[in-house]
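The values are calculated or read from the model by the stated rules, or taken from the named source; none is laboratory data. What you see is a predicted model; the values in this text were computed from it and never measured. Virtual Cβ from ideal backbone geometry, glycine too; neighbours counted across all protein chains shown. The protein model used for the area step is the full one, side chains on, heavy atoms only, and it has no ligands, DNA or RNA in it. Shrake-Rupley method; radii C 1.70, N 1.55, O 1.52, S 1.80 Å.
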Amino acid sequence: MRTLAITGDDFGASRAVNRAIIAAYDCGVLTAASLMVSGDAADEAVVLARARPGLSVGLHLVLVDGRAASLPSAIPRLVGPDGQFCAGPIRAGLRYQFSPGARRELAREIHAQLQRFAATGLTLSHVDGHHHLHLHPVVLGLVAEAARALSLRIPAIRLPSEELGLARRLDPGRVANKIASRTVFALLRRYGRKRLAGSGVGFSDRVYGLLATGRITEKYLLGLIPLIRAKHVEIYCHPADPLPGERGPETPALGREELHALTSPRVRAAIEGAGFVPSRRPPLFAARAPGSRA
């Protein structure tokens, strides 16, 4: 059986994102959402998710470019007085790697976000991260430690993996960025597989979205889905549907275009034609045996 999970990231970031994710689930092909527990509309997102038990919900760990779950006084090396993390994953990653004080506060914040998710009463189906900071070697280890401390099982973690040639064919342009991203995340995936070996945490064979972030359009999906050869797959996206005058993403047109793709009957037909079964319930991804190869 071939499974396909289609995940909406940034659930809880705003009402515009919540609206799009729920529409894509209710009327489209979206099967999962990644929750920002400290997002502006996180409480609304939890209520919406509770009313849809078939929607798999995981933690979208925010450690950069967003608000912390801890009080600013508890993690002063990580956030400003407003509780906001710095912008830029490279800057944040270097701080987490080389500052012992920052790492101690990072452990506190990761624990707080996992604890806040547990308090929602939702079943945790997966963990991923804003700007993929969950793949940072320090962060990945701290996530595992915090989950053990909370007796919280993590069924799956997102480890991006997609073919560079396929990405360039479907989404021409930004070649240098694609090559750099593919190289860096191939190394991070390799580390993640090694770190997770024997842990019981699953991950998918292929994860699409990194090399076309913000551009998961109907055209892209119709081109991609028939060409996927992997057995267990995730496609992640960032739909949004802001109303006039409502705060939304910086590029609302792209968010609406992704929502259109996720509610397209042609995309649904392509998924069925490729023989994929929608993956709706935990565990979201197929667990890999230790040492197995994707």
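At-a-glance table
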{"read-out": "Candidate residues D10, D128, D43: accessible-area rank, largest first, probe 1.4 Å", "value": "D43, D10, D128"}
{"read-out": "Gaussian network model of the chain, springs between alpha carbon atoms under 10 Å - residue of S14, S38, S199 with greatest fluctuation", "value": "S199"}
{"read-out": "Amide hydrogen neighbours beyond the local backbone of V57, cut-off 5 Å, H modeled", "value": "A33, S125"}
{"read-out": "DSSP bridge orientation in the chain - percent antiparallel, rounded to nearest 5", "value": "10"}
{"read-out": "Efficiency of FRET between S99 and I179 - r from beta-carbon atoms, R0 25 angstrom, step 0.05", "value": "0.25"}
{"read-out": "Placed amide H near S14: partners under 5 Å, 5+ positions off or other chain", "value": "A41"}
{"read-out": "Amide H within-cut-off set for Y208, under 5 Å, with H built and near neighbours excluded", "value": "E234, I235, Y236"}
{"read-out": "For the chain, average projected area of the Cα convex hull in nm²", "value": "14.4"}
{"read-out": "Computed helical MRE - 222 nm, the chain, DSSP H runs ≥ 4 contributing -39500 (n - 2.57), nearest 500", "value": "-13000 deg cm²/dmol"}
{"read-out": "Rounded accessible area per residue of the chain, 1.4 Å, Å²", "value": "44"}
{"read-out": "Antiparallel bridge percentage (DSSP; both residues within the stretch 30-172; nearest 5)", "value": "20"}
{"read-out": "Scattering profile of the stretch 157-249 at q = 0.16 Å⁻¹ [log10 I(q)/I(0), Debye over alpha-carbon scatterers]", "value": "-0.74"}
{"read-out": "Rounded to whole Hz, the Karplus (6.51, -1.76, 1.60) HN-Hα couplings of the stretch 57-69, x for glycine and proline", "value": "10, x, 8, 9, 5, 10, 10, 7, 6, x, 9, 7, 8"}
{"read-out": "Span-like helix ranges in the chain, DSSP H, alpha carbon extent 20 angstrom or more, Kyte mean at least -0.5", "value": "175-196"}
